[in-house]
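Asks: My structure is below; once you've seen it, I'll send some questions.
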Amino acid sequence: MKHIYLVLLILLFSACQPMDTTPTPEPIVPLPDKTPPLKAQAHMDVINFYVNLNHGKYDNAVELYGGSYEMLQGWNPDLDPSDKAGLLKRGCEQNGLMCLQLYSADLLENTPENEFTYEVSFRNPDNSRFVLGPCCGADETEMPPITFFEVHVICTTEGYTCKVLELPPYVP
């Protein structure tokens, strides 16, 4: 009888532990089971980078970003240049980066140097596909709308780590 109470007590305490309710990002298009590990990691990291930006998890996004912060630093001279999470947050929340949900992430190319090129598209809050239209007085013939964006990812075989090199699209 003591064992039953002990099991019930353990279950009760484990049920009281705080849970992380953040959904784990799933691949937009599942990869085949035989996908090489580095290719699978690149796919998940490109998805996770944009998911983290969309969910406001800027510290996590910093870990997956290997591109330049120069533009973000120029937009935010009041921030410490080493505050990479703060720069990404400002970029998404104030500076015009479109940190939307991903709509698709398709591998276009990968090189023997462990570089991957993806074609990504984004989803508006109404579930329509994001389109970057003409800017700054140009018309559609001078600046055709863009729906798909090229994103480069570079990976290392040591620890299977990958870094996304492009920020989300910018709308002034």
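Asks: What about Pro81, is it outside any helix (DSSP H, G or I) and in contact with a Phe, Trp or Tyr (Cβ under 8 Å, 6 or more places away or on another chain)?
Replies: Working: outside any helix (DSSP H, G or I): yes; in contact with a Phe, Trp or Tyr (Cβ under 8 Å, 6 or more places away or on another chain): yes.
Answer is yes for this residue.
Asks: Would you please list the contacts, defined by Cβ atoms under 7 Å and residues six or more apart or on different chains, that run from a residue in the range 92-117 that is in contact (Cβ under 8 Å) with a residue 24 or more places away in the chain to a residue that is of a type in the set (Gly, Ala, Ser) and in a strand (DSSP E or B)?
Replies: Tyr103/Ser121; Ser104/Ser121
Asks: Yes or no: the range 85-106 includes at least one residue that is within 17 Å of Leu53 (Cα to Cα), at pLDDT below 95, polar (S, T, N, Q) and surrounded by fewer than 18 Cβ atoms within 10 Å (Cβ to Cβ).
Replies: Within the range 85-106 (the criterion being within 17 Å of Leu53 (Cα to Cα), at pLDDT below 95, polar (S, T, N, Q) and surrounded by fewer than 18 Cβ atoms within 10 Å (Cβ to Cβ)), the answer is yes, since at least one residue qualifies.
Asks: If you don't mind, there's one more thing I want to ask. So, in the range 123-162, exactly how many residues are in a loop (DSSP other than H, G, I, E, B), touching a helix residue (DSSP H, G or I) at 6+ places or on another chain (Cβ under 6 Å) and among the aliphatic types (A, V, I, L, M)?
Replies: Within the range 123-162, residues that are in a loop (DSSP other than H, G, I, E, B), touching a helix residue (DSSP H, G or I) at 6+ places or on another chain (Cβ under 6 Å) and among the aliphatic types (A, V, I, L, M) number 0.
Asks: Looking at the range 9-65 only, could you name the residues that are among the β-branched types (Val, Ile, Thr) and modelled with pLDDT of 85 or more?
Replies: Taking the range 9-65 first, the residues among the β-branched types (Val, Ile, Thr) are 10, 21-22, 24, 28-29, 35, 46-47, 51, 62.
Residues satisfying the conditions are Val46, Ile47, Val51, Val62.
Asks: Here's another thing I want to ask about it. For Glu158, all conditions in the list (1) modelled with pLDDT under 90; (2) in contact with a strand residue (DSSP E or B) (Cβ under 6 Å, 6 or more places away or on another chain) hold save one; what is the number of the exception?
Replies: (2)
The values are calculated or read from the model by the stated rules, or taken from the named source; none is laboratory data. Everything numeric in this text was worked out from a predicted model, so none of it was measured. Methodologically, a virtual Cβ is constructed for each residue, glycine included, from the backbone with ideal geometry; neighbour enumeration extends over all protein chains shown.
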